1. Identify, please: which residue in the stretch 117-165 is among the acidic types (Asp, Glu) and assigned to a loop (DSSP other than H, G, I, E, B) and is, among those, surrounded by the fewest Cβ atoms within 10 Å (Cβ to Cβ)?
2. Could you please let me know if residue 44 is under 22 Å from residue 154 (Cβ atoms), in a helix (DSSP H, G or I) and aliphatic (A, V, I, L, M)?
3. Taking the stretch 83-94, which residues are loosely packed, with under 14 Cβ neighbours inside 10 Å and either at positive phi or not basic (Lys, Arg) (or both)?
4. Examine the stretch 12-32 for a residue that is among the aliphatic types (A, V, I, L, M), assigned to a loop (DSSP other than H, G, I, E, B), in contact with a helix residue (DSSP H, G or I) (Cβ under 7 Å, 6 or more places away or on another chain) and in contact (Cβ under 8 Å) with a residue 60 or more places away in the chain, and state whether such a residue exists.
5. Do we find that residue 124 is at pLDDT below 95, out of contact with any Pro (no Cβ under 8 Å at 6 or more places or on another chain) and closer than 20 Å to residue 11 by Cβ in this structure?
6. Residue 182 versus (1) modelled with pLDDT under 90; (2) surrounded by 11 or more Cβ atoms within 10 Å (Cβ to Cβ): which is the lone unmet condition?
7. Of the conditions (1) within 20 Å of residue 78 (Cα to Cα); (2) small (Gly, Ala, Ser); (3) touching a Ser or Thr at 6+ places or on another chain (Cβ under 9 Å), residue 171 satisfies every one except a single condition; which number is it?
8. So is residue 56 surrounded by fewer than 16 Cβ atoms within 10 Å (Cβ to Cβ) and either closer than 11 Å to residue 156 by Cβ or polar (S, T, N, Q) (or both) or not?
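The values are calculated or read from the model by the stated rules, or taken from the named source; none is laboratory data. As the structure is a prediction and not an experimental result, all values here were calculated from the model. Every residue, glycine among them, receives a Cβ derived from its backbone with ideal geometry; neighbour counts consider all protein chains shown.
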Amino acid sequence: MNAPLAPPLKWAGGKRWQVPHIKPLWDAARATRLVEPFCGGLSVALGLQPERALLNDVNPHLMNFYRWLQCGGLGVIPNENEREAFERHRDRFNELALADRHSSESAALFYYLNKTGFNGLCRFNSKGKFNVPFGKRNTVNYELDWPAYKVQLSKWAFSCLDFSELRLEEGDFVYADPPYDVEFTTYSAGGFSWADQVRTVEWLARHRLGLD
């Protein structure tokens, strides 16, 4: 097994620290498929390195980035850690969010904004515009060599659905990390309410583990 790749994005609530705790459970079920209904920054999938995975999130910009990374077609833009460039790229991203949010350019801009914006936040206003401010960091490490990610992600399936629409197979290893039950819910349109937390529990309870 190759050394795990680091998550390509800075993602709030990332679970990279949980991988050592999940791994013993995963090692006993490695022949199965890993399913993440809320895959976020991919820290768990990249840490466990499954051969088969179904990775889902309702954030369309996030999933667009992964799909272009998966096929090796991520667009190229100047990665400048400078406020004026950041605001210009943010305006362009918001234009594409309305016109062509599935493009490779949109994916490249999403990556740039994630790395350059404040604390890796992904936040949209009521009009659907990305509104995270410039990050003001002295140094930003931009990843420009993507082949290793293409190889790893090419094994996996990605989707952008409500978790309840995922088709689980008997025996799937499901790692579910839903958004926190806190006031901040603007990571996606509509947020994630207490009712959604209950729906998640009920959905997971119906999954058959396929254990003897």
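1. Initially, the stretch 117-165 is screened for residues among the acidic types (Asp, Glu), giving 143, 145, 162, 165.
So of that shortlist, the ones also assigned to a loop (DSSP other than H, G, I, E, B) come out as 143, 145, 162.
Numbers: 143: 16, 145: 6, 162: 13.
By that ranking, first place goes to 145.
2. Working: under 22 Å from residue 154 (Cβ atoms): yes; in a helix (DSSP H, G or I): yes; aliphatic (A, V, I, L, M): yes.
Answer is yes for this residue.
3. 84, 87, 91
4. Within the stretch 12-32, one or more residues are among the aliphatic types (A, V, I, L, M), assigned to a loop (DSSP other than H, G, I, E, B), in contact with a helix residue (DSSP H, G or I) (Cβ under 7 Å, 6 or more places away or on another chain) and in contact (Cβ under 8 Å) with a residue 60 or more places away in the chain.
5. On the way: at pLDDT below 95: yes; out of contact with any Pro (no Cβ under 8 Å at 6 or more places or on another chain): yes; closer than 20 Å to residue 11 by Cβ: yes.
Criteria met by residue 124.
6. Status for residue 182: all satisfied but (2).
7. All conditions pass for residue 171, except number (1).
8. Numbers: surrounded by fewer than 16 Cβ atoms within 10 Å (Cβ to Cβ): no; either closer than 11 Å to residue 156 by Cβ or polar (S, T, N, Q) (or both): yes.
No.
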